[in-house]
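Written out below as structure tokens is the structure these notes cover.
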Amino acid sequence: MKIKHVCFLVFLFCYIAIWMGNLLIMISITCSQLNNQPMYFFLNYLALSDLCYTSTVTPKLVTDLLAESSTISYIDCMAQLSATHFFGGIEVCILTMTASDCSVAICRPLHCTVIMSRHRRCAMVSACCAGAFLHSFPQGLLTINLPFCGPDEIDHYFCDLYPLLKLANKDTYGVGILVVANAGMMGLVIFVVVMLSYILILYTIKPYPTESWYKALSTCSSHITVVVFFFAPTFFIYIRPATMFPEEKVFALFYIIIPPMFNPLIYTLRNSEMKNALRKVWY
């Protein structure tokens, strides 16, 4: 119980920090002129998706640490599974949009305003939501149709695909392959697209002076940090056979809690425009 109380305090602090940091970013962008810029438009939605994404898991995790036994109903479990993958899909897609915006801003600066018009940005965010739904709905449908009539203890702190497949009273090899094809390949394709965006940026600024190199790398380094934090544990969990490892619960923390908590710090402390907006709005 002592360890559980310590974990309760740690995760409660993380959850409060996530809300305070991301709300600070959203209010600062909305109340300033930054919302008219494509980068901050996507950053605003990234902060919102961070809040929704972590809220599907963290409140239940925190309250369970104080309870003697952790339980969840079947309906709540299926809802948590679908919501986690839906908001996680939105976050992944928005990270891709910010990479595309960074590439356009550096490679075609004179056309950036036209290419990333407000109408097109709204359409891209809508496409992110549609893509996330196409990612989460089939997985939720597959899981709901599984027969759960045996053990009912999940070896995890939230309802995820692999722990639930372990409880199903049937051979789930085919379902596991579909999960890898859906979640794993989606993450891999998006990661490749993001990396290609930065390779294009580096190729474009190659003939430029050293000062331009530093400026471009400074602009993109924060986003690369976020991408690495999010995708590295995701690859470990979803791009492999559908088996459950004890380490999986630890790695899940790195994409459920760590990125939403550090995104505000990474984007504000390394960005002079964001710092100026914070000063104008809050001082």
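Couple of notes before you dig in:
- Selected from 125, 138, 167, residue furthest toward positive end of dipole (the chain; charges at beta carbon): 125
- Entry for the stretch 1-113 at q = 0.15, 0.21, 0.22, 0.24 Å⁻¹: log10 I(q)/I(0) = -0.78, -1.13, -1.18, -1.26, Debye formula applied to identical alpha-carbon scatterers, no solvent contribution.
- Hits among lysines - C-alpha to C-alpha of residue 275 under 26 Å, sequence gap 8 or more where chains match: 215
- Which of 74, 111, 258, positive extreme of dipole for the stretch 1-282 (C-beta unit charges): 111
- Selected from 63, 172, 54 as most flexible by GNM, with the chain as the system and alpha-carbon contacts under 10 Å: 63
- Within the chain, the longest run free of exposed loop sites, counting trypsin sites (Lys or Arg not before Pro) that sit outside DSSP helix and strand states (H, G, I, E, B) and have at most 16 other Cβ atoms within 10 Å, spans 1-169.
- For the chain, averaging the sequence separation of C-alpha pairs within contact (under 8 Å, six or more residues apart) and dividing by the residue count gives a relative contact order of 25 percent.
- Computed helical MRE - 222 nm, the chain, DSSP H runs ≥ 4 contributing -39500 (n - 2.57), nearest 500: -25500 deg cm²/dmol
- Extension gain (nm, one decimal) between residue 17 and residue 117, 0.36 nm per residue minus Cα-Cα: 32.7 nm
- Nearest 10 degrees, 0 to 90: helix 185-204 Cα axis against the chain principal axis: 20
- For the chain, the longest principal axis of the Cα atoms and the long axis of helix 74-107 meet at an angle of about 20 degrees.
- Computed magnitude of the charge dipole of the stretch 134-236 (debye, nearest 20; Cβ of K, R +1, Cβ of D, E -1): 420
- Average accessible surface area per residue within the chain, 1.4 Å rolling probe, Å²: 52
- Partners of residue 2 within straight-line reach, counting lysines whose Cα lies under 24 Å from its Cα and excluding those fewer than 8 residues away in the same chain: 60, 249.
- Placing a label point 7 Å from the Cα of residue 181 along the Cα-to-Cβ direction, the residues of the stretch 143-167 with a backbone N closer than 19 Å are 143-146, 161-162, 165.
- Across 20, 186, the residue with the most accessible area heads the list, and the full order at a 1.4 Å probe is 20, 186.
- When only the Cβ of Lys, Arg, Asp and Glu is charged (+1, +1, -1, -1), the dipole of the stretch 1-282 relative to its Cα centre reaches about 1020 debye.
- Pairs of Cα atoms farther than 13 Å apart, the stretch 164-208, %: 67
- Fraction of accessible area attributable to carbon and sulfur, the stretch 1-282 (%, probe 1.4 Å): 71
- The longest stretch of the chain left intact once loop-based GluC sites (Glu not before Pro) with at most 12 other Cβ atoms within 10 Å are removed from consideration, loops following DSSP, is 154-283.
The values are calculated or read from the model by the stated rules, or taken from the named source; none is laboratory data. It should be emphasised that the depicted structure is a prediction, and the values quoted were computed from it without experimental measurement. Counting neighbours? That spans all protein chains shown, and the Cβs are built from the backbone with ideal geometry, glycine included. To get the accessible areas, we keep the full protein, side chains included, count just its heavy atoms, and leave off ligands, DNA and RNA. Shrake-Rupley method; radii C 1.70, N 1.55, O 1.52, S 1.80 Å.
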